[in-house]
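Heads up: the structure comes next, in structure tokens.
The values are calculated or read from the model by the stated rules, or taken from the named source; none is laboratory data. These figures come from a predicted structure and were not determined experimentally. Reconstructed Cβ throughout: ideal geometry from the backbone, glycine too, with neighbour counts over all protein chains shown.
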Amino acid sequence: MILYQEFVKQAKKLGSRIAIKDRTLDREVTYSKALIGALILAKKFKKYSDGEIGVMIPTSAGCVLAVVGILMAGKVPAMINYSTGAAKNCRFAQKKCGFKTIITSRALLEKINCPMIPGMVCLEDIMKSISLKDKLAAALRSKLPASAIIARLPKKKPDDNLVILFTSGSEKEPKAVQLTHKNLWSNITALKQVFHLTENDIVMSILPLFHIFGFNANFWMPLMVGCKSVTYANPLDYKKIPAIIREEKATLVAATPIFFAGYLKESQPGDFASVRIALPGADKTPDWLRLEYRKKQNIELCEAYGATETSPGITVNTPEDNRPGSIGKPLPGVQVKIVDLDTGKSLPHGKEGKILVKGDLVMKGYLNDIEETSLRIEDGWYDTGDMGVMDKDGYLWHMGRLRRFVKIGGEMISLVQTEKVLETLLPSGSECCVVDVPDSLKGARIVAAITKKVETKTLIRELGKKLPKIAIPKTYVVIPELPKMGTGKIDFRTITEMVRKRDISK
């Protein structure tokens, strides 16, 4: 299936039904108007010579229509993270993918204090350039049968790229993930099946579309189901969003656990009364958060697990099939196996090992990076780099990250980078190892194991000059001799176990 072709079919079928209600701008866009808007933008985007076009726009009707328009112009959107280092991310994406044009918003640039860089085109200027002739031509074209509209659009195959998304780049430079029409379609159809999604559902769309969780659950999934998406550009507006959920009678809310925690604090009992699917993902959901949602909002959080490279959904809990604490069962069409770290052989139920995933959801590969792709995908199996256990009932339990980075409050933090800076500040001859420990709110926090005692207040102040606040360890555990592997390398896993066994919170 080609997703923008399916969008045309949905738009022709659903017509006057609301596709997107943009609560930031207080606008409603019907499926018919969405089709007209996408056709207008497609014509505007055709003039750019780039094969890929960068997109840096907050979650909104404008972002959705821009992406669909880019695809209808025969090009591929590359979604750019504007939450941190926007200008740097834009330049990196241009260099990595070889494009120049970036569609953005002047309002966003002003809000995040990002300068205009060569190649940027503001959506506001594009909208001003739309003539009456453009509108009439698109409106007339939209009246054609779906087959006739599709026949005039670029011809694509299911294995052609739908989007380029960028990994966090926590230890190395970010990787450009190529996701195809087949990848997203397989994930959407599986989610539609297990959650029994229909045209009557209302999706609260608050996640940024540069993140695969938002790109799928808040953008393409609602369009492909044919339901209404209620967009709001700022997911951190904890007070406003519960009110919108109540007012719009949203039935599905997908967000990170830390966002859910913020909404819980600012919500009133009954704000989530219409919600039948509350889907936390992208980080571990703490037990206290599940309990508090039961008590205050009388709903169950159904934790899910995925990755950018898997479109993203791998496993989910559902309202009918929920095992709190687990990350759910594999979606239909998704194969998951747990393998031994050393031998690579499949492990039985109850045994911890590395999580591998196979199916149509697995990415095509990393753009212009055959070596890294071959390291992560072998015989169709994607290596998540995460550790897990599959229980006898088929639920997957996440046991931690094998790779040396950790997600804190939705942000990826490199333990290696923290170690490098810390080492420059420690007394001569000291060694250090930075590990992560569970945290009830943020999912994890970092702790430094050091071989010599230091004055921590001064150390933390100096680290603050070189690292973001979230990457600074606040707790220091003295281990006179750090365990090492036979090769002489630091034994990170053993150190992590030692640190976690100590009651460092006291």
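Select from the stretch 270-293 the residues that are among the aromatic types (Phe, Trp, Tyr) and not in a loop (DSSP other than H, G, I, E, B) and write down the one among them that is farthest from ASN317 (Cα to Cα).
Result: TRP288.
Could you say whether any residue in the stretch 438-445 is among the polar types (S, T, N, Q) and within 22 Å of the chain's Cα centre (by Cα)?
Checked the stretch 438-445: at least one residue is among the polar types (S, T, N, Q) and within 22 Å of the chain's Cα centre (by Cα).
Does THR373 fit the bill of being among the β-branched types (Val, Ile, Thr), within 17 Å of the chain's Cα centre (by Cα) and modelled with pLDDT of 85 or more?
Taking the combined requirement at face value, the residue does not satisfy it.
If you go through the stretch 445-466, how many residues are outside any loop (DSSP other than H, G, I, E, B) and not small (Gly, Ala, Ser)?
Selection size over the stretch 445-466: 12.
Considering only the stretch 353-367, how many residues are of a type in the set (D, E, K, R) and under 19 Å from the mean Cα position of the chain (by Cα)?
2
Sort through SER374, SER414, SER430 and tell me the only one that's touching a residue at least 12 places away in the same chain (Cβ under 8 Å) and loosely packed, with under 15 Cβ neighbours inside 10 Å.
SER430
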